[in-house]
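A quick write-up on the structure given underneath.
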Amino acid sequence: MGNYELGWQNLIDVAMILVVFLFISIYFFRKKNPKPLIFLIPLYVLYIAIIFLDLLYSVPFARHVVTLAVFSYIVFLIVIYQADLRSSFFNLFKKTNDRGYTVEQGITDDELRAAVDEIVKACQTLSKLRTGALIVITSTNISSLILETGTKLSAIISAPLLESIFNTKGPIHDGAVIVKANRILAAGCFLPLTENVTVDKSLGTRHRAGIGITENSNILTIILSEETGVISCAKEGVLRQYITPDRLRDILSAAYNLTVSKKIRN
């Protein structure tokens, strides 16, 4: 028989597991996805029951097994939902850690128009070659948490540079290019994925990342499909596909607040 005493060590164990359980429960309920809790709740109840059983009848082996099961399942959830957790992490710190890299001031409209031309030219080439690409156009400082996942460049935009970055033989072609004004701040960056459950499930990670970064920020993304070569744009969480070069030029001009000769095509 056990000693029937609920010591401080037992209380701390129960409290720690309870805190973890509450955080996980709140997270998944806010995501309106309680399915992962189907196994976690019974495990936690079993864990509490085993603790008291251990106090009464001294069953340390059963207690260790259940404790291991609880933590293993928590690790399992972290691995399975790592993309969602990473997205939440970025969103949590984007307002408190948004200094990012600075860009030279005094950029002229002519320089911005030249940047638009270079981006459109690169997208046309990449589209023809069916090379996947993700370009982020931001008018404000972007979180350094995102920039630091890639390689800092701070280079003037040019079509050859963009094409070389997204060359499939290059080391950073899978990530996103971050553009502000007429400069590429960084390349090979990882972005938070969209949390919108209504997004077409056939879309890959590149498109989901391109949508996700725009959901809560004043950002435009250009996504090129490596399967079809189709050019898409995302803004405010909305993806528009089959963008022509002329339409892309208009969209970019609007993003840069440049005067355009015709209305943006819907």
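Among the residues of the stretch 240-252, is there at least one that is in a strand (DSSP E or B), modelled with pLDDT of 95 or more and either touching a Gly at 6+ places or on another chain (Cβ under 8 Å) or assigned by TED's automatic domain parsing to the domain that holds Ala133 (or both)? Within the stretch 240-252, one or more residues are in a strand (DSSP E or B), modelled with pLDDT of 95 or more and either touching a Gly at 6+ places or on another chain (Cβ under 8 Å) or assigned by TED's automatic domain parsing to the domain that holds Ala133 (or both).
Take Val230 and decide whether it is in contact (Cβ under 8 Å) with a residue 40 or more places away in the chain, over 13 Å from the mean Cα position of the chain (by Cα) and surrounded by fewer than 17 Cβ atoms within 10 Å (Cβ to Cβ). Taking the combined requirement at face value, the residue satisfies it. For Leu191, the test of being in a loop (DSSP other than H, G, I, E, B), buried (at least 21 other Cβ atoms within 10 Å of the Cβ) and not aromatic (Phe, Trp, Tyr) is passed. Taking the criterion of being closer than 16 Å to Thr138 by Cβ and assigned to a loop (DSSP other than H, G, I, E, B), the residues of the stretch 153-188 that qualify are Ile157, Gly175, Ala181, Asn182.
Ala186 meets all of the listed conditions (1) among the small types (Gly, Ala, Ser); (2) within 17 Å of the chain's Cα centre (by Cα); (3) surrounded by fewer than 16 Cβ atoms within 10 Å (Cβ to Cβ); (4) closer than 21 Å to Tyr256 by Cβ but one, namely (3).
Filtered by the rule that a residue be on the phi < 0 side of the Ramachandran plot, assigned to a loop (DSSP other than H, G, I, E, B) and either charged (D, E, K, R) or surrounded by 18 or more Cβ atoms within 10 Å (Cβ to Cβ) (or both), the stretch 122-148 gives Thr131, Gly132, Ile142, Ser143, Glu148.
Search the stretch 204-239 for residues being small (Gly, Ala, Ser) and in contact with a strand residue (DSSP E or B) (Cβ under 8 Å, 6 or more places away or on another chain), and hand back the single one that is modelled with the lowest pLDDT. This residue is Ser217.
The single condition from (1) basic (Lys, Arg); (2) crowded, with 18+ Cβ neighbours inside 10 Å; (3) touching a helix residue (DSSP H, G or I) at 6+ places or on another chain (Cβ under 9 Å) that Arg206 fails is (3). Suppose we keep only residues that are touching a residue at least 24 places away in the same chain (Cβ under 8 Å) and under 30 Å from Asn196 (Cα atoms) within the stretch 33-63. Which one would you say is surrounded by the most Cβ atoms within 10 Å (Cβ to Cβ)? Applying the filter and picking the extreme gives Tyr44. For the stretch 126-146, filtered to residues that are of a type outside the set (Val, Ile, Thr) and at pLDDT below 90, the residue that is farthest from Val116 (Cα to Cα) is Leu145.
Number of residues in the stretch 233-252 that are surrounded by 14 or more Cβ atoms within 10 Å (Cβ to Cβ) and without any contact (Cβ under 8 Å) to a residue 24 or more places away in the chain: the value is 7. For Gly100, the conditions (1) modelled with pLDDT of 65 or more; (2) not in a helix (DSSP H, G or I) are fulfilled apart from (1).
The values are calculated or read from the model by the stated rules, or taken from the named source; none is laboratory data. If you're wondering where the values come from, they're calculated on a predicted model, not measured in any experiment. Please note: Cβ atoms are built from the backbone with ideal geometry, for glycine as well, and neighbour counts cover all protein chains shown.
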